[in-house]
Amino acid sequence: MKTKQEVISDLRAFVAQRSGIEVSNYCSPGRADPEGWRALQADRRLIGQQGRDARALLAYVEASGIDAEALARPLTGSGRLSYEGGALSYTSGQYFATEYRAAACSALASVAWGFWAEWHKGRFDSPGLDIPKHLRENARLTFGRGLAKRWFN
């Protein structure tokens, strides 16, 4: 089992890698293709946003009381991002460039959600309290409205 810092280092390196986005997947060669260029720019912005979100989530997880086991839990299931043989691996769905950072964000948001849910367990058991709503509010206060809306809804 890796330490928390080793898992975070692996995730940080995974998020920091270049996307490998290919212009030829968007634009026709040899002629002007404004729609293709717009789609390319939109995906580049999305990839950049996912990178910023992943780095913010990583910073939170690193500074929090989340342990290595809780951090590795979402990476040991059947998800696309997982640890295999002590190394981080990703199985892409359709296009790696637009998916890999989203997979990291999803896993890290799951870690934060589980940490908050465990902390709240038994503390706020009043009937009628909407725990998921309370945890989403916690995400909004911790990360801001945009990131919380993207990864905690």
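The values are calculated or read from the model by the stated rules, or taken from the named source; none is laboratory data. Predicted model, so just to flag it, every value in this text is computed and none were measured. Note that we place each Cβ from the backbone using ideal geometry, even for glycine, and neighbour counts take in every protein chain shown. Side chains included, ligands, DNA and RNA excluded: accessible areas come from the protein's heavy atoms. Shrake-Rupley method; radii C 1.70, N 1.55, O 1.52, S 1.80 Å.
I need the full set of residues from the stretch 97-119 which are under 9 Å from the mean Cα position of the chain (by Cα), open to solvent by 10 Å² or more (accessible area, probe 1.4 Å) and closer than 10 Å to Leu71 by Cα, in order please.
Filtering the stretch 97-119 for residues under 9 Å from the mean Cα position of the chain (by Cα) gives 100-110.
Retained after the next criterion (residues that are open to solvent by 10 Å² or more (accessible area, probe 1.4 Å)): 101-103, 106-107, 110.
Answer for the stretch 97-119, where residues must be under 9 Å from the mean Cα position of the chain (by Cα), open to solvent by 10 Å² or more (accessible area, probe 1.4 Å) and closer than 10 Å to Leu71 by Cα: Ala107, Ser110.
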Hey, can you tell me all the residues within the stretch 129-153 that are without any contact (Cβ under 8 Å) to a residue 12 or more places away in the chain and among the hydrophobic types (A, V, I, L, M, F, W, C)? Leu129, Leu141
Show the residue pairs that are 6+ apart or on different chains and have beta-carbon atoms under 7 Å apart, the first residue being within the stretch 70-88 and closer than 16 Å to Gly114 by Cα, the second being in a strand (DSSP E or B) and open to solvent by less than 40 Å² (accessible area, probe 1.4 Å). Leu75/Leu81; Leu75/Ser82; Thr76/Ser82
